[in-house]
């Protein structure tokens, strides 16, 4: 695949390196240092940082504003955008805003339902869905057009990705769904956190059988478990999350004070195993409010140092 | 049909507590079927209000009428002679009926006695569920006869989100995942490959977004 944007992440993937991305959740307030400090913890160990968009429907500093803080400190941001909160006017407007700061990566999502968050009485928009958002970015980037048909002066240059959850139901359309996202223009994929590696391998096999791994870059998602409680919560309470019983047992059987270390061990073992899975082109490490552990995970998983590729500014 | 449910009686009392002559007006259509605003519910509400006023030591006359429909001029005319004699009318019709009443009878306040909920069906006695949001641009032909606009909590048009689990929606284990139903149905029809057809960006101008809607049929106008 040839490079289409100035994105550093795209270059790293195109050159055949295993990419490493991580993420920063913006703060529940306006202090820019909350973003900057998180990014400083991980910036030397990852190629790009996702900035979540009001994740779990809890109101936070905007993803775009937090991305701009990252960009200004020389870190490569991945703008996450959900279709829950904005109509097509606001979406196109924010894409142009991001492009004006030379943000070169975007992840298109539908977003958690607002009933999980701090405004359950609010409306959701979903004027577009995540696939239609991918199509919109491509129209703006590749054809230089707005949805309304007019030309865009200085079109955005965004390397555009989507999420995939190999563990959600119905399982039989999980691969067709990926194919559909690729058809809509997903150039990279970040997956849901993988704990059930067997099931992930089954999904990847089907992905490779259809040749989809050659049409997009798949980054395997991992999240270190902090405790047995978190493992059980993820299994029982987080929709679309698959934490097998042997992982739960391993955490439960570990003394409480050793559980964080064991969670990180599991995460590193998972990365090691996933490295040999055909079609995996990198890792997306989501250390939820535990960013300080990312450098150690990246180093112990043999993914450090990161390739030296200068971002275009 | 239009599905409604009864408003809490306290809310209705707030509207009419100072009035002396009140009409409770039912509707014999959808709200009768969903047991929220038919003749039976008119009787129950009237009795409840009579008890309330009796306990308050107030003498209030409460009448009961149920019309064939409240969304039709012809039937609303049936109360032409009496409407103005009331201090208030509580309509147990859907929001359409309440508004049509208010447009027709200007000198008497019309209060809603039900909350209008959705366009739905009776699954079983006492259970009504949503089926349509009247988006004005029906796509059931490509989704196996199951509507993602009304039945997916995110009205996703291209497949289930990552929160679909064991056939249920991420927001509640009591709600079916619309896309699981669509996939099951496409499979039963031998059309699962249709799932991969991308549904392009929808024109929502025929939905609520386009402003108050109107259907004009010159061929049937008199």
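Before moving on, here are some points about what is shown:
- Selection status of residue A:263, free of Cβ contacts under 8 Å to residues at least 12 places away in the same chain, over 20 Å from the mean Cα position of the chain (by Cα) and in a helix (DSSP H, G or I): no
- The residues of the range B:129-146 that are in contact with a helix residue (DSSP H, G or I) (Cβ under 6 Å, 6 or more places away or on another chain), closer than 23 Å to residue B:205 by Cβ and assigned to a loop (DSSP other than H, G, I, E, B), listed by number, are B:133, B:135, B:136, B:137, B:143.
- Filter result (free of Cβ contacts under 8 Å to residues at least 24 places away in the same chain, assigned to a strand (DSSP E or B) and surrounded by fewer than 17 Cβ atoms within 10 Å (Cβ to Cβ)) within the range B:85-128: B:123, B:124, B:127
- Scanning the range A:135-177 for residues that are within 10 Å of chain B (Cβ to nearest Cβ), part of a helix (DSSP H, G or I) and closer than 17 Å to residue B:200 by Cα gives A:135, A:136, A:139, A:176, A:177.
Yes/no matrix, rows are residues, columns are (1) more than 9 Å from chain B (Cβ to nearest Cβ); (2) farther than 19 Å from residue A:10 by Cα; (3) modelled with pLDDT under 95; (4) in a loop (DSSP other than H, G, I, E, B):
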{"site": "A:70", "(1), (2), (3), (4)": "yes, no, no, no"}
{"site": "A:96", "(1), (2), (3), (4)": "yes, yes, no, no"}
{"site": "A:119", "(1), (2), (3), (4)": "yes, yes, no, yes"}
{"site": "A:125", "(1), (2), (3), (4)": "yes, yes, no, yes"}
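- Which listed residue, of A:194, A:189, A:173, A:218, is without any contact (Cβ under 8 Å) to a residue 40 or more places away in the chain and within 16 Å of the chain's Cα centre (by Cα): A:189
- Qualifying position, being within 22 Å of residue B:134 (Cα to Cα), modelled with pLDDT of 95 or more and part of a helix (DSSP H, G or I), among B:31, B:42: B:31
- Every test in (1) buried (at least 17 other Cβ atoms within 10 Å of the Cβ); (2) more than 27 Å from the chain's Cα centre (by Cα); (3) within 19 Å of residue A:109 (Cα to Cα) is passed by residue B:196 save one, and that test is (1).
- Tallying residues that are touching a strand residue (DSSP E or B) at 6+ places or on another chain (Cβ under 9 Å) and surrounded by fewer than 19 Cβ atoms within 10 Å (Cβ to Cβ) within the range A:215-233 yields 0.
- The set of residues from the range B:148-186 being touching a helix residue (DSSP H, G or I) at 6+ places or on another chain (Cβ under 7 Å), more than 8 Å from every other protein chain (Cβ to nearest Cβ) and surrounded by fewer than 22 Cβ atoms within 10 Å (Cβ to Cβ) comprises just one member, B:186.
- For the range B:189-222, a residue qualifies if it is over 19 Å from residue A:128 (Cα atoms), in a helix (DSSP H, G or I) and in contact (Cβ under 8 Å) with a residue 24 or more places away in the chain, and exactly one does: B:194.
- Scanning the range A:194-214 for residues that are assigned to a loop (DSSP other than H, G, I, E, B), away from chain B (no Cβ under 14 Å), touching a helix residue (DSSP H, G or I) at 6+ places or on another chain (Cβ under 7 Å) and surrounded by fewer than 22 Cβ atoms within 10 Å (Cβ to Cβ) yields no hits at all.
- Unique match (being touching a residue at least 40 places away in the same chain (Cβ under 8 Å) and not in a strand (DSSP E or B)) among A:251, A:230, A:234: A:234
The values are calculated or read from the model by the stated rules, or taken from the named source; none is laboratory data. A quick note: this is a predicted structure, and the numbers were derived from the prediction, not measured. Cβ: placed from backbone, ideal geometry, glycine included. Neighbour counts: every protein chain shown.
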